[in-house]
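*Asks:* The structure is given below, and queries will be raised subsequently.
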Amino acid sequence: MTVTLAPFTVNLVDHRFDPRWNRIPGLEVKGASLSIEPDDYFFRLESTGWRVIDWDTVTTEMLPVEESSDLALEQKALTFISDHVRTTHDPAEVLAIAWNVYSYLFREEHLPTLDVPGITAEHLRILAEVSTLTALNKVDQDGRISIVGPAWFFGDTARVVYDLDEPTVQALDEVFHGGLFNENRRIESVKAHTALGGRLVHGCQSTPSQKGGVVAAYGTPMDRFRDELAQFRDAWITAVRSF
């Protein structure tokens with residue numbers, strides 16, 4: 001069931017989104033402001049609540065956490081989320097927290113160890129911007145996809161927004177999946193994504209295929225999520241490519 005969400009604007013203190021995001025219907029970048037008209041932007045909007053934790057709390061209490069021999073990092077992340085998570089109905093707050101998450105995960109410090117030729121700081125900025133907007137996507141705790149925007153399929157969206165060629169999109173996809181394959185980056189990802197109330201779940205099944213991903217709460221059943229993604233993916237990607 002479609003719900004109503006008022007237009008919203010976020011102003012990031014330390015970043016200005018690329019103005020080419022104006023190519024996406026319902027999204028407007030003007031200086032330091034990023035505004036979204038929900039009726040035009042979202043493909044599916046059936047919820048208006050997002051799970052979040054203040055980034056300052058994550059920075060001070062979760063990022064320094066280390067895994068131990070008797071307690072896995074994911075267990076510590078789950079406990080941390082249970083202790084601190086709250087629901088916000090302010091999508092601008094979600095975007096502000098998400099920018100902190102992804103500007104941290106895609107920071108320049110990682111460039112020497114990415115092992116993907118040709119990747120620059122500019123490419124990391126692209127990944128951070130697209131990923132920030134993916135934070136508005138949502139999978140409910142029963143596995144249903146309740147919110148979908150164009151940024152879900154970050155490869156196709158990045159191609160439209162940033163005029164990227166296919167080899168560059170493939171390289172960005174490899175960097176994105178490096179957060180799953182590289183253990184140090186995976187650990188950072190587990191910790192940082194607690195700010196968005198869960199863990200990053202990749203849409204790809206076995207190899208990188210630009211199906212994006214979503215932050216889902218621990219315990220969310222994945223079968224329904226993957227079935228719905230498979231059912232609607234082609235239509236949503238076609239819509240993105242038409243922009």
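*Asks:* Which condition breaks for Gly31 when tested against (1) among the small types (Gly, Ala, Ser); (2) modelled with pLDDT under 95; (3) over 20 Å from Glu129 (Cα atoms)?
*Replies:* Of the numbered conditions (1) among the small types (Gly, Ala, Ser); (2) modelled with pLDDT under 95; (3) over 20 Å from Glu129 (Cα atoms), the odd one out for Gly31 is (3).
*Asks:* Out of (1) crowded, with 17+ Cβ neighbours inside 10 Å; (2) under 24 Å from Leu180 (Cα atoms), what's the single condition that is false for Thr48?
*Replies:* That leaves (2) as the condition not met.
*Asks:* Suppose we filter the range 1-28 for residues that are polar (S, T, N, Q) and assigned to a loop (DSSP other than H, G, I, E, B); how many remain?
*Replies:* Taking the range 1-28 first, the residues polar (S, T, N, Q) are 2, 4, 9, 11, 22.
In the following step, the residues that additionally are assigned to a loop (DSSP other than H, G, I, E, B) were identified as 2, 4.
Here the count works out to 2.
*Asks:* Follow-up question, since we're still on this one. Of the numbered conditions (1) surrounded by fewer than 14 Cβ atoms within 10 Å (Cβ to Cβ); (2) under 19 Å from the mean Cα position of the chain (by Cα), Val10 satisfies every one except a single condition; which is it?
*Replies:* If we test Val10 against (1) surrounded by fewer than 14 Cβ atoms within 10 Å (Cβ to Cβ); (2) under 19 Å from the mean Cα position of the chain (by Cα), just (1) comes out false.
*Asks:* Of the residues that make up the range 86-105, is at least one surrounded by 15 or more Cβ atoms within 10 Å (Cβ to Cβ), touching a Ser or Thr at 6+ places or on another chain (Cβ under 9 Å) and not in a helix (DSSP H, G or I)?
*Replies:* no
*Asks:* Let me confirm something: among Phe80, Phe17, which residue is surrounded by 14 or more Cβ atoms within 10 Å (Cβ to Cβ) and closer than 24 Å to Val148 by Cα? Give the steps one after another, and end with the answer.
*Replies:* Values: Phe80 fails: closer than 24 Å to Val148 by Cα.
After applying the criteria, what remains is Phe17.
*Asks:* Now for a separate question. Report, by residue number, each residue of the range 29-43 that is part of a strand (DSSP E or B) and closer than 16 Å to Thr157 by Cβ. I'd like the intermediate steps shown before the answer.
*Replies:* Of the range 29-43, the ones part of a strand (DSSP E or B) are 29-30, 33-36.
Those that are part of a strand (DSSP E or B) and closer than 16 Å to Thr157 by Cβ: Val29, Leu34, Ile36.
*Asks:* Of the residues that make up the range 144-158, is at least one at pLDDT 90 or above, surrounded by fewer than 24 Cβ atoms within 10 Å (Cβ to Cβ) and assigned to a loop (DSSP other than H, G, I, E, B)?
*Replies:* Yes, the range 144-158 contains at least one residue that is at pLDDT 90 or above, surrounded by fewer than 24 Cβ atoms within 10 Å (Cβ to Cβ) and assigned to a loop (DSSP other than H, G, I, E, B).
*Asks:* Here is a further query. Can you confirm whether the range 70-79 contains a residue that is outside any helix (DSSP H, G or I), under 29 Å from Leu172 (Cα atoms), touching a residue at least 40 places away in the same chain (Cβ under 8 Å) and charged (D, E, K, R)?
*Replies:* If we filter the range 70-79 for residues that are outside any helix (DSSP H, G or I), which is where we start, we get 70-72.
Subsequent filtering for residues that are under 29 Å from Leu172 (Cα atoms) retains none.
Scanning the range 70-79 turns up no residue that is outside any helix (DSSP H, G or I), under 29 Å from Leu172 (Cα atoms), touching a residue at least 40 places away in the same chain (Cβ under 8 Å) and charged (D, E, K, R).
*Asks:* Within the range 44-64, can one find any residue that is over 16 Å from the mean Cα position of the chain (by Cα), among the hydrophobic types (A, V, I, L, M, F, W, C) and either farther than 23 Å from Thr87 by Cβ or in a helix (DSSP H, G or I) (or both)?
*Replies:* yes
*Asks:* For the range 5-14, what are the residues that are out of contact with any strand residue (DSSP E or B) (no Cβ under 8 Å at 6 or more places or on another chain) and either modelled with pLDDT of 95 or more or of a type in the set (Phe, Trp, Tyr) (or both)? First the steps, then the outcome.
*Replies:* Of all residues in the range 5-14, those out of contact with any strand residue (DSSP E or B) (no Cβ under 8 Å at 6 or more places or on another chain) come to 6, 13-14.
Ala6, the sole residue that qualifies.
*Asks:* When you scan the range 188-243, how many residues do you find that are among the polar types (S, T, N, Q), part of a helix (DSSP H, G or I) and modelled with pLDDT under 85? So that I can check it myself, show each step before the final result.
*Replies:* At the first step, the residues of the range 188-243 found to be among the polar types (S, T, N, Q) are 189, 194, 205-207, 209-210, 220, 231, 238, 242.
Then drop every residue that is not part of a helix (DSSP H, G or I), which leaves 189, 194, 231, 238.
From the residues that got through so far, the ones that are modelled with pLDDT under 85 too are 231.
Counting residues in the range 188-243 that are among the polar types (S, T, N, Q), part of a helix (DSSP H, G or I) and modelled with pLDDT under 85 gives 1.
The values are calculated or read from the model by the stated rules, or taken from the named source; none is laboratory data. Keep in mind that what you see is a predicted model, and the values were worked out from it rather than measured. Note: ideal-geometry Cβ built from the backbone for every residue, glycine included; neighbour counts use all protein chains shown.
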